[in-house]
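Peer 1: Before I ask anything, here is the structure I am working with.
The values are calculated or read from the model by the stated rules, or taken from the named source; none is laboratory data. None of these values were measured; they are calculated from a predicted model. Cβ placement follows ideal geometry from the backbone for every residue including glycine, while neighbour counts extend to all protein chains displayed.
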Amino acid sequence: MSSSPAIEIKDRLRAIVQESFGISLEDFAVETPPKTELGDLAFPLAFDLAKRIKAATGEKKNPREIAVRLSEELKALPGISRVEVAGAGYLNVFFDRAQVFTNLLSEVSRPAVINQQLGKLIVEHTSINPNKAAHIGHVRNAVLGDTTIRILRAMGETVEVHNYIDNTGVQVADVVVGFIHIEKKSLDEIRKLAEGGGKFDYYCWDLYAQVGAWYEEDKARLEIRSRTLHEIEEGGNATAQIGEYISSRIVDCHLDTMSRLDIGYDLLARESEILHLHFWTHAFEKLKASGAIVLETEGRNKGCWVMRAEETEENAAQKETEHDADKIIVRSNGTVTYTGKDIAYHLWKLGKLGLDFHYRNLRRDHRGHEVWVTTADVKLAIDPHPDFGNGTAFLNVIDVGQSYPQANVKRGVMIIDHDERVARSAHLAYEKVTLTPAAAVELGVELSESDAQRQQIGMSGRKGLGVKADDLIDRLEENALKEVQSRHQELTVDEQRLIAHQIAIAALRYFLLKFTRTSIIAFDFNEALSFEGETGPYIQYSAVRANNIFRKLGRRPKS
């Protein structure tokens, strides 16, 4: 088997499906099981095939029977020790690890060849609302995105990394409401607080939760939120200045947090520039001209510009139900939804808008890499600057709850300018991170008897319930330092702390990567902090042992 077992297995499965069922497959899902006992790769292919066979012939096939047939054909493939059918039809593949490892060692290392026709990929990830500290769910997004980028670059792809900053959204507006209407603070007072040495993002975390409770006390206060949001989007006023300062300070905090995880970016694209540089205005005209959106004149969405739904059986039931709000592009009060602004942003990503941002340097990151940020102020702009945008495709790492809006974003872009680059683009969805009851109790949450029996407790920014990323990293580093100090007393304190940091980051990144993207992670402190079993530190230990074996053999492992 080659150095890409998954590719070889997928090629073989395509051939089997063509020969056995007369169905041509372009691509299909491959998953990594949550536990190694369940296999090295898992294929839910049989479920899709059962649907296709029924649609084509009317014949009803049992997915498990299809999976059994596929498994028999796969067993003969070199490098596979066994194939098992699990559940209702999952195909679980186990590698012959000795053979695969031997093949990897025997391959000649060669540089990746960049396919110039592919051009530049734009990968957007992290994209945290700049209103409070980053939490463990945000870290899952960032780690997935950063790992995807590392893989793409290792394959020879040219990748531009974006972090979208929603600095004019409702979450920022809520924190502004908290400072102005609850704490009665001016911009100067907020600035003194932020520069006073405390953790400003933590302060805003608590304030954001207070604002949520404040709205609950009197629903009429939501009109204050609406007015504040309008003023922030409009710009050029005292409220917008406060919003700009708060969001900028929080972004700095987020970048510091991600630097601890060895995660960086090329460009921070800010939503305010999409509005103030008229990106949205241009996109809005294109959407109306294409017929992609219409003005509702009656019903619950009267006065809103909404995405015209495709009349399919699949979306007919959704049309006026749970996804009704997600198809709104412009609200009846004139404010633009996330979906609308995202369409404008993605048109720019592909060089299809006819406009560009102004750019300025923001900072150098932990690796010495220059991070740029968009600006609407030409006086702050720096030229020359890197050639941002004009990608050939984009990948967006956004939670699975945004799948429907993301589908509308992609559909809106394609209606305006049908392009194969958009068709190749994708939303990399992932499930949320929850808490185990034990983790919730450790955070000081009082659980009811029924909640204590549940497997997971949902986190809530509105309630201030969650695991702050920096708190988690601190705890991981403290635990790792104790281990290092007990085993390596001969090292200096700085050396011990460096090793502890490397171990802690490996533990966290691997914990978030070992689950499939579509699996909900129930976060548990003990599991994440563990140094034994299927963990990042154990893999690091294994790599060190492997290197020692190679050294004794008198050879170096290929990178």
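Peer 1: Filter the range 427-464 down to the residues that are small (Gly, Ala, Ser) and assigned to a helix (DSSP H, G or I) and list them by number.
Peer 2: Ala438, Ala439, Ala440, Ser450, Ala452
Peer 1: State which residue pairs qualify: first residue within 27 Å of Ala173 (Cα to Cα) and of a type in the set (Lys, Arg) and inside the range 111-133, second residue surrounded by fewer than 24 Cβ atoms within 10 Å (Cβ to Cβ) and modelled with pLDDT under 85 in any location, beta carbons under 7 Å apart, and separation of 6 or more residues or different chains.
Peer 2: Close Cβ pairs satisfying both conditions: Lys132/Gly461.
Peer 1: I would also like to ask the following. Within the range 148-174, can you find the residues that are outside any helix (DSSP H, G or I) and among the hydroxyl-bearing types (Ser, Thr, Tyr)?
Peer 2: Within the range 148-174, Thr158, Tyr164, Thr168 meet the criteria.
Peer 1: Also: Within the range 23-47, restricting attention to residues that are small (Gly, Ala, Ser) and at pLDDT 85 or above, which residue is farthest from Arg517 (Cα to Cα)?
Peer 2: Per the criteria, the residue is Ser24.
Peer 1: For residues in the range 329-361 being part of a strand (DSSP E or B) and among the aliphatic types (A, V, I, L, M), which is surrounded by the fewest Cβ atoms within 10 Å (Cβ to Cβ)?
Peer 2: Among those residues, the one meeting the criterion is Val330.
Peer 1: Might you let me know whether the range 479-501 holds any residue that is more than 20 Å from the chain's Cα centre (by Cα), buried (at least 19 other Cβ atoms within 10 Å of the Cβ) and closer than 27 Å to Val397 by Cα?
Peer 2: For the range 479-501, residues more than 20 Å from the chain's Cα centre (by Cα), buried (at least 19 other Cβ atoms within 10 Å of the Cβ) and closer than 27 Å to Val397 by Cα: absent.
Peer 1: Here is a further query. Looking at Ala42, is it surrounded by fewer than 17 Cβ atoms within 10 Å (Cβ to Cβ), aliphatic (A, V, I, L, M) and closer than 18 Å to Ile80 by Cα?
Peer 2: No.
Peer 1: Let me ask something else about it. Working only within the range 465-487, note down all residues that are outside any helix (DSSP H, G or I) and at pLDDT 90 or above.
Peer 2: Selection gives Lys468 alone.
Peer 1: Where in the range 227-323 are the strands (runs of 3 or more DSSP E), entirely inside, with at least 3 residues that are closer than 24 Å to Ile343 by Cα and modelled with pLDDT of 95 or more?
Peer 2: Filter on the range 227-323 gives 267-270.
Peer 1: Ok, one more. Scan the range 413-464 for residues that are touching a Ser or Thr at 6+ places or on another chain (Cβ under 8 Å), surrounded by 14 or more Cβ atoms within 10 Å (Cβ to Cβ) and modelled with pLDDT of 80 or more and jot them down.
Peer 2: Ile415, Ile416, His427, Leu428, Ala429, Tyr430, Glu431, Gln456, Ile457, Gly458
Results for (1) free of Cβ contacts under 8 Å to residues at least 60 places away in the same chain; (2) of a type in the set (Lys, Arg); (3) under 28 Å from Tyr345 (Cβ atoms); (4) out of contact with any Cys (no Cβ under 8 Å at 6 or more places or on another chain), shown as yes or no for each residue.
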{"residue": "Thr148", "(1), (2), (3), (4)": "no, no, yes, yes"}
{"residue": "Asn163", "(1), (2), (3), (4)": "no, no, yes, yes"}
{"residue": "Lys199", "(1), (2), (3), (4)": "no, yes, no, no"}
{"residue": "Arg227", "(1), (2), (3), (4)": "yes, yes, yes, yes"}
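Peer 1: Going through the range 507-521 one residue at a time, which ones are in contact with a Phe, Trp or Tyr (Cβ under 7 Å, 6 or more places away or on another chain) and more than 23 Å from Glu477 (Cβ to Cβ)?
Peer 2: Arg517
Peer 1: Additional query: Which one is surrounded by the most Cβ atoms within 10 Å (Cβ to Cβ) among residues in the range 217-239 that are within 28 Å of the chain's Cα centre (by Cα) and either outside the structural domain of Lys132 (by TED's automatic domain parsing) or among the hydrophobic types (A, V, I, L, M, F, W, C) (or both)?
Peer 2: Looking at residues that are within 28 Å of the chain's Cα centre (by Cα) and either outside the structural domain of Lys132 (by TED's automatic domain parsing) or among the hydrophobic types (A, V, I, L, M, F, W, C) (or both), I get Ile232.
Peer 1: Here are Lys185, Lys132: which of them is surrounded by fewer than 18 Cβ atoms within 10 Å (Cβ to Cβ), in contact with a helix residue (DSSP H, G or I) (Cβ under 8 Å, 6 or more places away or on another chain) and at pLDDT 95 or above?
Peer 2: When all the criteria are applied, what remains is Lys185.
Peer 1: Would you mention how many residues in the range 291-307 are loosely packed, with under 15 Cβ neighbours inside 10 Å and under 17 Å from Asp417 (Cβ atoms)?
Peer 2: Number of matching residues: 1.
Peer 1: If you don't mind, another one. Scan the range 380-403 for residues that are surrounded by fewer than 17 Cβ atoms within 10 Å (Cβ to Cβ) and either free of Cβ contacts under 8 Å to residues at least 60 places away in the same chain or under 16 Å from Ile343 (Cβ atoms) (or both) and jot them down.
Peer 2: Correct list: Leu380, Ala381, Ile382, Asp383, Pro384, His385, Asp387, Gly401, Ser403.
Peer 1: If you don't mind, another one. Where residues in the range 7-22 are touching a residue at least 12 places away in the same chain (Cβ under 8 Å) and surrounded by 14 or more Cβ atoms within 10 Å (Cβ to Cβ), which of them is farthest from Ser519 (Cα to Cα)?
Peer 2: The qualifying residue farthest from Ser519 (Cα to Cα) is Phe21.
Peer 1: Right, another one. Modelled with pLDDT of 95 or more and in contact with a His (Cβ under 6 Å, 6 or more places away or on another chain), is that true of Glu160?
Peer 2: Judged against the criteria, Glu160 is not a match.
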